[in-house]
Every structure is written in structure tokens, then in C-alpha cells.
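Data block below; observations after.
The values are calculated or read from the model by the stated rules, or taken from the named source; none is laboratory data. On a predicted model such as this, the values are computed, not experimentally measured, just so you know. Reconstructed Cβ throughout: ideal geometry from the backbone, glycine too, with neighbour counts over all protein chains shown. What goes into the accessible areas is simple: the full protein's heavy atoms, side chains included, and nothing from ligands, DNA or RNA. Shrake-Rupley method; radii C 1.70, N 1.55, O 1.52, S 1.80 Å.
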Amino acid sequence: RIDNAELMATEYLPCVIKPKPWVKPVGGGYHTNHVRRLRMVKSRNKQYLDELFSKTESGQLSKVYKALNALQETPWKINTSIYDVMKSIWDSFSDVPVMPHRNDLPLPSKPVDIDTNEQARREWRKAASIVYHDNIILGSHRYRTARLLSLAARFKNDSSIYFPHQLDFRGRAYPVPTFLNPQGSDDAKSLLVFANGKPIEETEASDWLAIHGANTFGFDKVSLQDRGQWVNDNLEMIISCALQPLDDHRWMKADKPWQFLAFCFEYNAFLEQGFGFVSHLPVAVDGSC
């Protein structure tokens, strides 16, 4: 079974305590010695590492360390509402666009004269090769989904989890754990919320939550005001999807369906509780260099 396979094990997992701070170019992130020590920058160039050590000793990298540590010390937790929906769909083998098929696509039927009709044999092999290729991709998607759900199940009862970070050679920061992380795919992002929430106490804050919802649905090429209005115009759908996500599938039509469903849950809770509601949902905002 795919969910019991040895490949479900992963080397670098999220942490349940704050990661080890970066104070030098190697050895940050994980406290344990049971995994390979991380380099702050993903490079095996010895000369480059020597330069990093030199800059560390002179204090030139203090702001870099501070920024990287701030990222990996941000506590997250599993969005159990999304996990429950995802797990229910996965276990039910439902044929929906937001989940990979649990079974391989069937091969085309062989022509009755395949042994004697070269043209028919050639066409069948061509059609079959497409299905074989699609099933390989489908298997990869199934494995990724199973891995994601396995990780979410492992950490869903933890009050906070952390993601050790490191840099690429251009200085861009990335979480080290794969599959489940804040920079992952739509379903991975939807499974994570901030462990420490913030209350929505004013209209501006609720407007930004609404804008995020419109963005995740795909209504993001209009003004911010129009995005907020789109949410008001679609409140019935948002509330219905939040209350019965397994029956009302309109959230699956979104550009980022899982993140949109997470928004539906959050916005419905805000509507029920009003100002003062503590939101844990990450609101994505595009930034420019």
C-alpha cells in the first residue's frame, strides 16, 4: 500500500520546537545529529563557505542570520478543517478535480484483429502509450498527496510546528522540509495556518481577508475594491462551501481550490463571530523586487 511504503519516510521534517538558530554557515535548523547537517546556503563550494565564515566573524551577515531565524521561528499549525475534508475525499476514492484519481486510467481495448492488422496495432500502441504515460504522472501525484496527508496527520495535534530555512546562492529563503511547507503547492499551503492568530478588529483588516479570498478564487485582475465586492456578491457560495464542502463543490472551481476553501472556513467564522474574531489564515500579498 502506498501509504505504508518505506518511501513515505522523509529525512527533513517540520520541527515541534524552535529550530536551532543560524549563527554560522553550517549547523543551523535542526538540533538533532541524526540528520545531515545543513548549510545556511545550498552550496558545496568550499571557497564560498570560507568566505561566509569570514563574513560571519566580521559581523557582515548579522542581518542575514536575523532574517533567516525570524522565518524559521514563525510557528505554524495544521489547518484541521482542511485536513478533514482532504482526508475524507482521499479515503472515499471520490472522482473530483482537486484530487488525483486513486486508480490508474484503463488501457484502451485491444482491436480484435490486432495480431493481423498492422495499422490497428500501431494505433492501439500509440493510444496505450499515452495512457501509460498519464498513469506514471498520476502515480506521482498520488504519492505526493499521500505523503502530504501523512505529514499533516503526524503533526495535526501539535499546537505549533516550525520549518527550518536555508538560502539559495542568490539569497532567497526556502523551507527545508519538502511536501508540507508554507511555500508548497495549493493543497500544502491550505493545510497550514499561523499558530499565533491576530484579531480582526477593523474594516481594513476584514477587507484584506476578503481580497485574499477573491485572489485565491481567481478574481484577481481587478481593483482591490472590486475584489472585496466580489466576496460580498458571493457570500451565499462562500458560506455554503464552508458549511458543506463535501456536498457543495463550487469551491473546486477556484484557481487555488484548497486555499479558497480555507478562506471560506475562515470568512464564515469571521461572519459568525464578528469583529474580534482571531484569524490564523495567512493572507498572501504579491511583492515586487
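Quick notes
- Counting only helices (runs of 4 or more DSSP H) that fall entirely inside the range 52-162 and contain at least 2 residues that are over 17 Å from Leu192 (Cβ atoms) and either of a type in the set (Asp, Glu) or in contact with a Pro (Cβ under 7 Å, 6 or more places away or on another chain) (or both), the qualifying elements are 118-155.
- Members of the range 179-204 found to be over 21 Å from the mean Cα position of the chain (by Cα), touching a residue at least 40 places away in the same chain (Cβ under 8 Å) and not in a loop (DSSP other than H, G, I, E, B), listed by number: Lys198, Pro199
- Residue match in the range 222-235 (condition: under 19 Å from Val98 (Cβ atoms), in contact with an Asp or Glu (Cβ under 9 Å, 6 or more places away or on another chain) and surrounded by fewer than 17 Cβ atoms within 10 Å (Cβ to Cβ)): no
- Being among the aliphatic types (A, V, I, L, M), open to solvent by 40 Å² or more (accessible area, probe 1.4 Å) and under 28 Å from the mean Cα position of the chain (by Cα) is a property that holds for Ile137.
Okay, residues lined up against (1) among the aliphatic types (A, V, I, L, M); (2) over 19 Å from the mean Cα position of the chain (by Cα); (3) under 22 Å from Lys189 (Cβ atoms):
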| residue | (1), (2), (3) |
| --- | --- |
| Val222 | yes, yes, no |
| Asn232 | no, yes, no |
| Leu243 | yes, yes, no |
| Trp251 | no, no, yes |
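- Residues of the range 189-210 classified as under 18 Å from Trp230 (Cβ atoms), hydroxyl-bearing (Ser, Thr, Tyr) and buried (at least 17 other Cβ atoms within 10 Å of the Cβ), total: 1
- Checking each residue in the range 236-289 for being among the acidic types (Asp, Glu), open to solvent by 80 Å² or more (accessible area, probe 1.4 Å) and at pLDDT 95 or above picks out Glu236, Asp247, Asp255, Glu272.
- Within the range 148-166, the set of residues being touching a helix residue (DSSP H, G or I) at 6+ places or on another chain (Cβ under 8 Å) and open to solvent by less than 20 Å² (accessible area, probe 1.4 Å) comprises Leu148, Leu149, Ala152, Ile161, Phe163, Pro164, His165.
- Condition broken by Glu123, with the remaining ones in (1) open to solvent by less than 90 Å² (accessible area, probe 1.4 Å); (2) out of contact with any Leu (no Cβ under 7 Å at 6 or more places or on another chain) satisfied: (1)
- Pick from the range 205-221, criterion outside any helix (DSSP H, G or I) and modelled with pLDDT of 95 or more, ranking: farthest from Pro257 (Cα to Cα): Phe219
- Selection from the range 65-95 of residues that are of a type in the set (A, V, I, L, M, F, W, C) and at pLDDT below 95: Phe93
- Taken over the range 189-231, the residue count meeting the criterion of being in contact with a strand residue (DSSP E or B) (Cβ under 7 Å, 6 or more places away or on another chain) and not hydrophobic (A, V, I, L, M, F, W, C) is 3.
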